[in-house]
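Structure record follows, encoded as structure tokens.
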Amino acid sequence: MPRKIGANCAEIIRNYRYYNWQHSQYSWIIILAATILFLFLQVTHANQPLGPFMPIIGPTEPPQGHVEFCKENSTLCNTLEPTPLVVRLTKSRWRELTTINNQVNKSIAPVSDKELYGTSEYWTFPSLGTGDCEEYVLEKQRRLHAIGWPSSALLITVVKDMNNTGHAVLTVRTDQGDIILDNQTKDILPWYSTPYRYVKRQSARHPAKWSAISDKRVTTVASIPR
């Protein structure tokens, strides 16, 4: 009798070990499948087609360069826009955009803030005819506003380029969608057709405040016309 009980115990132990082994295999398969599904959903979401307008997700901290710019140019940063405007993109408006974009791109020589001012970040108007990307943006914004474009439609925007380096462009809000003026090209493109990942931009309601942009694309466009 003791021998039979011992045999039964051994069988129970073998069955228990086999059950644990099977359970561990199934658990591993379930975890792997869940991980693959999660990654697939993330990539699918990140590469979803984007609409004509940037998805804004709420307030965020302004760039330090813009904070300092507003301290030195307070009248440009204190105007409230209770009803932000978008511009109807007519042929004449388009000509204004292309003309000013080309004029500014050609009139400013690209020089870094480090070379000009001895600091890595300093936003100002290009009074010396030189500057980096922020100076181009500020000058385009100023010239467009001077010919009647509303401030709420001309927003400084911070992006990451294909090297994951910070860059600034001007977003123009139109009835056709958000379009981009960039010192890297003469072409004015829809925001989603540029080779950038969009991080944040000026608020359309208050020029001193900034809004975060939801841009979760895994990759960007391969190239941009020069």
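The values are calculated or read from the model by the stated rules, or taken from the named source; none is laboratory data. Bear in mind the structure is a predicted one, so any value in this text is a computation, not a measurement. When we count neighbours, we look across all protein chains shown, and the Cβ atoms used for this are built from the backbone with ideal geometry, even at glycine.
So here's what we get for this one:
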{"read-out": "Restricting the range 152-207 to residues that are assigned to a loop (DSSP other than H, G, I, E, B) and within 13 Å of the chain's Cα centre (by Cα), the residue that is nearest to G58 (Cα to Cα)", "value": "Y196"}
{"read-out": "Test: residue in the range 210-217 that is more than 12 Å from the chain's Cα centre (by Cα) and of a type in the set (A, V, I, L, M)", "value": "no"}
{"read-out": "Count of the range 180-207 residues which are in contact with a Pro (Cβ under 7 Å, 6 or more places away or on another chain) and either free of Cβ contacts under 8 Å to residues at least 12 places away in the same chain or surrounded by fewer than 22 Cβ atoms within 10 Å (Cβ to Cβ) (or both)", "value": "4"}
{"read-out": "Any chance I179 is farther than 24 Å from P82 by Cα and among the hydrophobic types (A, V, I, L, M, F, W, C)", "value": "no"}
{"read-out": "Residue list for the range 149-183, filter: basic (K, R) and under 18 Å from T98 (Cα atoms)", "value": "R173"}
{"read-out": "Residue in the range 128-140 that is free of Cβ contacts under 8 Å to residues at least 12 places away in the same chain, in the same structural domain as D182 (by TED's automatic domain parsing) and at negative phi present", "value": "no"}
{"read-out": "Qualifying residue in the range 143-152 (condition: among the aromatic types (F, W, Y), touching an Asp or Glu at 6+ places or on another chain (Cβ under 8 Å) and closer than 21 Å to L89 by Cα)", "value": "yes"}
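Quick grid of which residues meet (1) modelled with pLDDT under 95; (2) in a helix (DSSP H, G or I); (3) of a type outside the set (S, T, Y):
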{"position": "N101", "(1), (2), (3)": "no, yes, yes"}
{"position": "N105", "(1), (2), (3)": "no, yes, yes"}
{"position": "Y122", "(1), (2), (3)": "no, no, no"}
{"position": "F125", "(1), (2), (3)": "no, no, yes"}
{"position": "V137", "(1), (2), (3)": "no, yes, yes"}
